[in-house]
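Reviewing the structure listed below.
Just so it is clear, none of the values below were taken in a lab; they were calculated from the coordinates. All values reported here derive from a predicted model rather than from experimental measurement. Don't worry about glycine lacking a Cβ; one is built from the backbone with ideal geometry, like all the others, and counts go over all protein chains shown.
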Amino acid sequence: MNTLRVGYVLRAHGVKGALKVQPLTDDVSRFKRIKELYIEKGGLRGGGLSEGGLTKRALLGIKSDKDFLTIQLEGVDTRDAAEALRGAYLAIERKDAITLPAGRHFICDLLGCSVEAPGGARYGVLREIYQNGAADVYAVTLDSGGELLFPALKRVLLDIDTAQKRITVDPEALKEVAVYEN
């Protein structure tokens with residue numbers, strides 16, 4: 001099953017099984033349209049797994065509180081049940097995801113892309129994207145060893161083709177902004 005992560009369970013909230021969730025989306029209003037979520041296997045402690053390591057649960061209630069959400073899921077009705085989900089990811093089926101505007105991509109589709117110069121000279125593979133400022137920072141594991149970090153600026157990124165798993169960058173612009181680590 002093809003899923004997209006939309007939340008990360010931080011902890012239980014209260015005594016009736018509510019979950020405090022960090023949204024992994026720019027638009028938390030999308031949760032209001034979600035009818036069911038999948039709990040990824042990694043955060044579960046014991047049983048109930050189906051759908052290839054995912055457990056499907058109906059979304060019963062949601063409240064937004066600044067940077068976090070409080071979510072109530074079907075079958076999670078005690079503090080212990082909620083606490084057992086600490087560290088789990090909440091996901092939706094990709095077919096239920098929003099359509100992104102042109103030029104925007106889901107992070108999961110960018111990770112693993114080959115980072116190349118025009119003409120195909122390869123730098124390495126996009127390993128991580130850090131979102132902590134004015135621009136995302138791409139971390140590339142270099143084929144030659146070490147790591148390349150650069151901001152995801154329009155003048156650096158010439159083309160992103162997630163179908164071909166390829167990101168083409170401008171080598172001259174990259175020289176101005178990149179940081180190399182060994």
Considering only Cα-Cα distances, which of the following residue pairs are longer than 19 Å: K35/K56; K66/K154; K16/K66? K66/K154; K16/K66
In nanometres, the difference between 0.36 nm per residue of separation and the alpha-carbon distance of D159 and K63 is 30.7 nm
Tell me the relative contact order for the chain as a rounded percent, counting alpha carbon contacts under 8 Å between residues six or more apart. 19
Just grab the label-to-label distance for S144 and D109, each label 7 Å out from Cα along the Cβ direction, in nm (one decimal). 3.2
Test of understanding: in a Gaussian network model of the chain with alpha carbons linked when under 10 Å, which of P101, P23, P171 would top the mean-square fluctuation ranking? P101
In nanometres, the difference between 0.36 nm per residue of separation and the alpha-carbon distance of R127 and L100 is 7.5 nm
